[in-house]
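Take a look at the structure set out below.
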Amino acid sequence: MRYLPNTPQNQRAMLDAIGVRSVEDLLVKIPAKARLSRPLALPPALAESDLVRHLRGLAARNADADSFTCFLGAGAYDHYVPSPISHLVLRGEFLTAYTPYQPEASQGTLRTIYEYQTMIAELTGMDVANASIYDGGSSLAEAVLMAHAVNGRGEIALTGAVNPLYRRVVETYVDGPGLRLREVPAPAGVTDLDAARRVVGGKTAALVVQSPNFYGCLEDVTAAAEIAHAAGALLIVVSDPVNLGVLEAPGRQGADVVVGEGQGLGVPLGFGGPYLGVFAAKQDFVRRLPGRLVGATVDLDGARGFALTLQTREQHIRRAKATSNICTNVALCALMATIYLAILGKQGLVRVGELSTAKAHYAARRLAEVPGVTLRFPQPFFKEFTLKLPKSPERVAARLARQNILAGLPLKGLDRKHADCLLVAVTEKRTKDEIDAFADALGKAVA
Amino acid sequence: MPYDNQPAYDRLVFELSSPGRMAFSLPESDVPVEPALAAVPEKYRRRQPAALPEVSELDVVRHYSRLSQMNYGIDTHFYPLGSCTMKYNPRINEDAARLAGFARLHPLAAEALSQGALQLMHELAGMLAEIAGMDAVSLQPAAGAQGELAGVLMIRAYHEARGEKRTKVLIPDSAHGTNPASTALAGYEVIEVKSDAEGQVDLGDLERHLAADVAAFMITVPNTLGNFEPRVTEIAELCHARGAQVYMDGANLNAILGLTRPGDLGFDVCHFNLHKTFTTPHGGGGPGAGPVGVKAHLEPFLPVPVVARREQTYVLDWKRPQSIGKLQAFWGNFGMHVRAYTYIRTMGADGLRAVSENAVLNANYVMKRLEQHYDVAAPGPCMHECVLSARKQKKLGVTAMDIAKRLLDLGFYAPSTYFPLIVEEALMIEPTETESKETLDAFCEAMIRIAREAETAPEAIHQAPVTTPVRRLDQTRAAREPNLRWRGQR
Ligand SMILES: Cc1ncc(COP(=O)(O)O)c(C=O)c1O
């Protein structure tokens, strides 16, 4: 077996040194009645070449964004992934290191996390960012729990335009502490601010808005911040950091916590994970943050060095009283994002935003020209928008898939109210030809 | 040290920045929307450009290559970090995860368009269920801690569905910190159960706490001292008799593959750490994956959606009214599922059993070689890891931390230190099955050398490490004046 170096001679020598006859003698503490008396019923081991053939067969049964033109979004986007990222994260010193608990032997990882924290804080306009949470959904859940821990209030107001998948995750996480979720409606595709004023009050720990929201529309974050703050609640903003080259930093619009899905920052679509939960907050909350933090310090000789810090928040020290249960996070995805942001840089991230929104607006115009198809919400949007179709969106999407177009997300499954709608995302990678072909195919499908 | 011929590198990417440099390649706009932001009203636009670096592609590649060289990884160093199972991470796993059909698949592609991915998940869940003797497995949790949260929430939902109100969960004092943290997050009061001198559950203490308000007992098998709890089946029976569920933290599954199964030991729930036992790389702290397995009576409570098979097709089943809900926005860390699946298909049943046998052999060998030099926390035989105590050395002024730092200079990563909390000056050593006898011997010799140095030259050990990119860091200063982002000055 190629991963097991012990030869029978090695094993003999080791058993002799230990003073036992066989490995069985080392397993005596396992109750005999619970020993497995048969081999595990698993498929037979495969040689590498056979296994590769088998895996390719499975992979070939998926409509990936290389063989299909991808207009799917809803929290995962087909943005450009610069080539160096995969090469660099495959370096074994990054890939096969554990959490940097011995800082002297982990300065590489620690420096990349410090760079990551800096970039995320800068993009979101917040004071501090942590080293990552699992994904956008769990990051929002952690933010909600933090708000409750900060002000002790028991209600969370979520607008109806927050990604429903994130809402499901929040529901799971608030079950333990017993927080009550209240919905602020968004009938016109954006949060109804008057309704928000009625829902948000003295019991509200936090108001949660997403911008651009689930339907793609831009929210008035500044107004939401005023409503939250007037009630003494925190404002949590769900934001996609890849848009923040051109969209205003939520921190400058009054957000107290910014969370979001960082997948667009160079992390593969990968059927939904591993992704990157972004978490950034104001300085006031630094000792309440979930997850790991890296800080700069000096070594014995006064040289600059980096280490995990403020660990008394964390489970390995605080146990049942920790700010979160998170241990393993998504450090390598954070490294992908760091390399992505270093490559795109000051100018590139702006270009990504400009191209995405320009192409999205072109696509919206072209698609809404198709007879019977309309833009569902007459609101400013960014790179994603909601179409109302004259025919079943599932059937239309299935038909377009036959032409290798992933037309967008039929909303019926996640959002019953909009069962006649299709959510379409357009990134900088989509070309005019692809968009035109989509519009033509849509025209035929709904005719 | 592999890179000791290089001068120290002390840059952050921001310090390489030069206005106007670029490393990206983006197309010109081919759509007639001008200016590009025409349709985005002014009030939504960013006013102050984000201060990101401006560097060339070579700057990026060289910078991160140099930073990587400031790390120890399994690829470069023996990494005996107990409880973390730092075994070889096969390269074929990485190739598999990067196949376009997996890496470039959108999570919301219709079921009919993601049959290969759903099949892989369904089969992996089935294989994990067989390995653990469980009836069903959810792959959704993103890491061990999230698997724990899911497991405890399912236990809670189970009791509630039966109309029982139980408010406490018992956890041994030797447990990993995530156990109490996840349990508290799930809304339970955590009660600590004592361990005896050998690190085993104090049955008297357990019985005393096992009242009618106890929802579950959560225990790590083998325990965090590396020992198999010999009375584990009795413990499970005792808990069940009192109406409590038993949860197994499966972080140490690498010790028992094909030898025994959590389900056969009497556990109702257990989680897996694919980033330990099943060779997905740790990546400097993550991502991992923490699937959770349950017995049939807990199946209705599994997170949604469940990947199910209907005739010849695979579907995401959302219609599960008793489910605890979702843990992640999508279906779990699929990239890790591909790697773990690849690993299990590489090993097969005999291979996995050989994994555990060799992991146990290696750990016992290391323990045997070191037992005259260090105190052993609990008598052997141990399972896949052994816990030593540097209590003898501490009397000479050399702590577990000092020993860890000295090992770095001798070319080894350090064991886990100060865990479990119940062992004074703990050094938790997990060699794993992928290390050779030669490597283990070299490590043991380094440990023996340090034990001698503790007697003859303890001050020198306090200086360690001296070969690493930095020396010991001022942690107090890091915490007292938190500097968590670069602000343009050193
Ligand atoms: C015994 C034990 N339990 C739980 C965990 C938590 O797992 P994770 O880091 O995957 O959340 C770990 C790992 O760190 C562990 O060693």
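The values are calculated or read from the model by the stated rules, or taken from the named source; none is laboratory data. Being a predicted model, the structure only gives us computed values, none of them experimental. No Cβ is skipped: glycine too gets one built from the backbone with ideal geometry, and neighbour counts run over all protein chains shown.
A few notes on this one:
- Once region B:284-342 is narrowed to residues that are of a type in the set (V, I, T) and not in a loop (DSSP other than H, G, I, E, B), the residue that is farthest from the ligand (Cβ to nearest atom) is B:T313.
- Taken as a whole, region B:218-232 holds at least one residue that is hydroxyl-bearing (S, T, Y), within 15 Å of the ligand (Cβ to nearest atom) and within 30 Å of A:G277 (Cβ to Cβ).
- Considering (1) more than 11 Å from chain A (Cβ to nearest Cβ); (2) of a type outside the set (D, E); (3) within 12 Å of the ligand (Cβ to nearest atom), the lone condition that B:H240 does not fulfil carries the number (3).
- Residue, surrounded by the most Cβ atoms within 10 Å (Cβ to Cβ), within region A:29-53, restricted to residues that are more than 7 Å from chain B (Cβ to nearest Cβ) and not charged (D, E, K, R): A:V52
- Test: residue in region B:67-83 that is in contact (Cβ under 8 Å) with a residue 40 or more places away in the chain and part of a helix (DSSP H, G or I): yes
- Of all residues in region A:16-27, those satisfying the criterion of being more than 7 Å from chain B (Cβ to nearest Cβ) and closer than 26 Å to B:E229 by Cβ are A:G19, A:V20, A:R21, A:S22, A:E24, A:D25.
- Positions within region A:322-335 being of a type in the set (A, V, I, L, M, F, W, C), more than 8 Å from the ligand (Cβ to nearest atom) and within 18 Å of the chain's Cα centre (by Cα), in sequence order: A:V330, A:A331, A:L332, A:C333, A:A334, A:L335
- The set of residues from region A:211-258 being part of a strand (DSSP E or B) and within 14 Å of chain B (Cβ to nearest Cβ) comprises A:C217, A:V237, A:V238, A:L247, A:V258.
- Number of positions in region B:353-370 that are within 22 Å of B:E453 (Cα to Cα) and in contact with a strand residue (DSSP E or B) (Cβ under 8 Å, 6 or more places away or on another chain): 3
- Taken over region B:87-96, the residue count meeting the criterion of being surrounded by fewer than 22 Cβ atoms within 10 Å (Cβ to Cβ) and of a type outside the set (A, V, I, L, M) is 5.
- Every residue from region A:318-330 that is surrounded by fewer than 22 Cβ atoms within 10 Å (Cβ to Cβ) and either within 7 Å of chain B (Cβ to nearest Cβ) or in a strand (DSSP E or B) (or both): A:A320
- Whichever residue in region B:44-55 is out of contact with any Asp or Glu (no Cβ under 8 Å at 6 or more places or on another chain) and surrounded by fewer than 20 Cβ atoms within 10 Å (Cβ to Cβ) and, among such residues, is farthest from the other protein chains (Cβ to nearest Cβ): B:Q48
- B:G250 touching a residue at least 60 places away in the same chain (Cβ under 8 Å), within 13 Å of the ligand (Cβ to nearest atom), at negative phi and at the interface with chain A (Cβ under 8 Å from one of its Cβ atoms): no
- Any hit, region B:190-206, residues being within 16 Å of the ligand (Cβ to nearest atom), within 12 Å of chain A (Cβ to nearest Cβ) and among the aliphatic types (A, V, I, L, M): yes
- Odd one out for A:G75 among (1) within 7 Å of chain B (Cβ to nearest Cβ); (2) on the phi < 0 side of the Ramachandran plot: (2)
- Just one residue in the set B:L257, B:L274 is closer than 30 Å to A:G92 by Cα, surrounded by 24 or more Cβ atoms within 10 Å (Cβ to Cβ) and more than 14 Å from the ligand (Cβ to nearest atom); that residue is B:L257.
- Members of region B:114-154 that are away from the ligand (no atom under 16 Å from the Cβ) and out of contact with any Leu (no Cβ under 7 Å at 6 or more places or on another chain): B:Q115, B:L118, B:H122, B:E123, B:G126, B:A129, B:G133, B:M134, B:D135
- Answer residue from region A:296-316, given it is at pLDDT below 95, within 15 Å of the ligand (Cβ to nearest atom) and more than 7 Å from every other protein chain (Cβ to nearest Cβ) and is nearest to B:L473 (Cα to Cα) among those: A:Q311
- Within region B:97-111, considering residues that are assigned to a helix (DSSP H, G or I) and within 7 Å of another protein chain (Cβ to nearest Cβ), the one surrounded by the fewest Cβ atoms within 10 Å (Cβ to Cβ): B:A100
- For region B:371-384, the condition holds for at least one residue, the condition being that it is surrounded by fewer than 24 Cβ atoms within 10 Å (Cβ to Cβ) and at the interface with chain A (Cβ under 9 Å from one of its Cβ atoms).
- Residue among A:R366, A:R292, A:R319, A:R288 that alone is touching a residue at least 12 places away in the same chain (Cβ under 8 Å), within 16 Å of the ligand (Cβ to nearest atom) and of a type outside the set (G, A, S): A:R292
- Of all residue pairs spaced 6 or more apart or on separate chains, those with beta-carbon atoms under 9 Å, a first member in region A:168-180 that is without any contact (Cβ under 8 Å) to a residue 60 or more places away in the chain and facing chain B (nearest Cβ under 7 Å) and a second member that is part of a loop (DSSP other than H, G, I, E, B) and of a type in the set (D, E) are A:V169/A:D135.
- Unique match (being more than 20 Å from A:D240 (Cβ to Cβ), out of contact with any strand residue (DSSP E or B) (no Cβ under 8 Å at 6 or more places or on another chain) and within 11 Å of chain B (Cβ to nearest Cβ)) among A:A401, A:A407, A:A397, A:A358: A:A401
- The residues of region B:155-188 that are at the interface with another protein chain (Cβ under 8 Å from one of its Cβ atoms), within 11 Å of the ligand (Cβ to nearest atom) and in a loop (DSSP other than H, G, I, E, B), listed by number, are B:H176, B:G177.
- Inspection of region A:355-365 finds no residue satisfying the criterion of being more than 25 Å from B:K326 (Cβ to Cβ) and outside any helix (DSSP H, G or I).
Here is a yes/no grid of residues against (1) within 16 Å of the ligand (Cβ to nearest atom); (2) surrounded by fewer than 20 Cβ atoms within 10 Å (Cβ to Cβ); (3) closer than 24 Å to A:T112 by Cβ:
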| residue | (1), (2), (3) |
| --- | --- |
| B:L58 | no, yes, yes |
| B:R66 | no, yes, yes |
| B:H77 | no, no, yes |
| B:T85 | yes, no, yes |
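- Qualifying residue in region B:274-283 (condition: facing another protein chain (nearest Cβ under 10 Å), touching a residue at least 24 places away in the same chain (Cβ under 8 Å) and among the small types (G, A, S)): no
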